[in-house]
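First the structure, in the form of structure tokens, and then the observations on it.
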Amino acid sequence: MNVLHLSAECYPVAKAGGLGDVVGALPKYQVGLGMHAMVAMPFYDKKFTQTHQFECVHKSSSKLGYRSFDFEVLKEKENTLGFELYLIKIPDLLDRTEIYSYPDETEQFVAFQIAVLDWIIATNKQIDVFHCHDNHTGLVPFLIKHSNKYKSLATTPSVFTIHNGEYQGWMGWEKFHYLPEVNAESGGALEWNNCINPLASAVKCCWKYTTVSPSYLEELHYKAHGLEFLFELEKHKAVGILNGIDVDVWNPKTDPMLSHNYQKTTVKTGKEQNKLEVCTKFNLDPTKPLFTFIGRLVIEKGADKLVELIREIFLRHQGEINFLILGSGDKAIEATLKEVQIYLRNFNCFIGYDEVLSHQIYASADFILMPSRVEPCGLNQLYSLRYGTIPIVRSTGGLKDTVIDINDKNGYGIRFDSLEIMEMVYAIGRAVQLYQDTKNLNQIRKQMMDLDFSWTKSAKEYYELYKSLN
């Protein structure tokens, strides 16, 4: 079975969040199941493209409305990721350093999707399933269904995965002419709330759509940034499949980013050694529990609550804990955290993204806090479980599906229901009590490290889904 994944991100080529991690791992596990899984993504001028060898397998030109553009399809020669990787390079459009936030981002991703489909039909490349990820590839199901140019692909199944329904790729109708050989009568399959909505269009036009956790699928029916009614209408096409993690990359026993590797039997000393190193680097006290937040500093992740929460827990647990933050995002949140950093002892933050440091913090922290308003799946809690770091999470989306509270049977994490400061303070207090119970703490750490959240199970679920479409 030939499956082509289309995505704006793929780790380690280019990554901004969990989407990159998923697309960098799922195809590898699918190859392990005997599938021919491939990834097509935009070309970015980053370390991976600078240090790996590529060959041009197709070169052509196409149109974005009235504008012509040339493009190349570059294949990574060595298959170093465990699957075939194809990059779409368009001069002055898809050859830049960053993934997002350009003023012509709409043009970038529309041209990317057109170029991919043009390549497929020009070379008669056999594709059994198009697997599209998030709004950046959401026009593909529409185009292969409604564009005369791609009518040869109309019987090819399309699967669309929603990693985050908050971002839908809205564009005005003045950009409708970007789409090749599409009749105006087909506009209803693009429209939602008086604009072109690629995510909504994908849900309407794909054969099946998936979410990255079962609970997130349920939540979309009442909290979907304006698409709630659509998800109710199309629920017959929906499947919730929990994300996994790449256990080869995220393995404290072999992780090359750690100074001190460890496994379940040595988790206590291993974490102590890593914790000493990280605490020394950030001027924290290694004898106290280390709490951390890793991720984007945005409202969606509950990051706007961090400063108030940190002030309150340090007031109540003065001198008892450390808190370390790694992330970037909202400039106002960043600035406030930097202010607190100046005067609050045993608190520190690193504003930015650092893959190596994130691994080191997972290995050294005792607890990771995830106060998310929205968390379609969440990968940070799965990484933390792998490294023996206890997750403290709000009960939403994939966090609810993957973390069992320590007060429940076979529990290994701490859950809370709302973003009320005192409820989160109480959750932190429970964690402090657990830290003081050394025997129970180490038992829970070992229990967590035995859990299997690899891609193996999820890859099989996708395989069964694909087979049901053919």
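The numbers here are math on the coordinates, done by the rules we state, and not lab data. Note that the coordinates shown come from a computational prediction; the quantities given were computed from them, not determined experimentally. We place every Cβ from the backbone using ideal geometry, glycine too, and count neighbours over all the protein chains shown.
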Considering every pair of different Cα atoms, what Kirkwood radius, in Å, is found for the chain?
23.3
What lysines could a cross-link reach from K331, if we take a straight Cα to Cα line under 19 Å and drop same-chain neighbours fewer than 8 places away?
K301, K305
Over the Cα atoms of the stretch 58-169, what is the Rg over Rh ratio if Rh follows Kirkwood?
0.94
Report the full-extension gain for the segment E98 to S468: residue separation times 0.36 nm, less the Cα-Cα distance, to one decimal in nm.
129.5 nm
Looking at F69, T336, I428, which one has the Cα that reaches farthest to the positive end of the dipole of the chain (charges on Cβ: Lys, Arg +1; Asp, Glu -1)?
I428
Sites matching trypsin sites (Lys or Arg not before Pro) across the stretch 67-158 that sit in DSSP coil, with at most 11 neighbouring C-beta atoms within 10 Å
K77
Just subtract the alpha-carbon distance of E55 and A189 from 0.36 nm times their residue separation and send over the number in nm, one decimal.
44.6 nm
Quick shape check on the stretch 217-354: root eigenvalues a ≥ b ≥ c of the Cα gyration tensor, a/c under 1.5 is rounded, otherwise prolate if a/b tops b/c, else oblate, and it reads oblate
Per the Kirkwood formula on distinct C-alpha pairs, the Rh of the stretch 264-449 is how many angstrom?
16.2
Which whole-number percentage describes the relative contact order of the chain, with Cα contacts under 8 Å and a sequence gap of 6 or more?
12
For helix 105-123, report the angle its Cα long axis makes with the longest principal axis of the Cα atoms of the chain; keep it between 0 and 90° and round to the nearest 10°.
60
As straight-line cross-link partners of K467, the qualifying aspartates and glutamates (C-alpha separation under 12 Å, not fewer than 8 residues apart within one chain) are D128
Dividing the Cα convex hull volume of the stretch 350-470 by residue count, how many Å³ per residue is that?
144
Estimated dipole of the chain in Debye, rounded to 20 [Cβ of Lys and Arg +1, of Asp and Glu -1, Cα centre]
880
Helix 438-449 sits at what angle to the longest principal axis of the chain, using alpha carbons and giving 0 to 90 degrees rounded to 10?
10
For the chain, the longest principal axis of the Cα atoms and the Cα long axis of helix 267-281 enclose an angle in degrees, to the nearest 10, of 90
Give me the distance between the Cα centres of the stretch 319-370 and the stretch 87-108, rounded to whole Å.
31
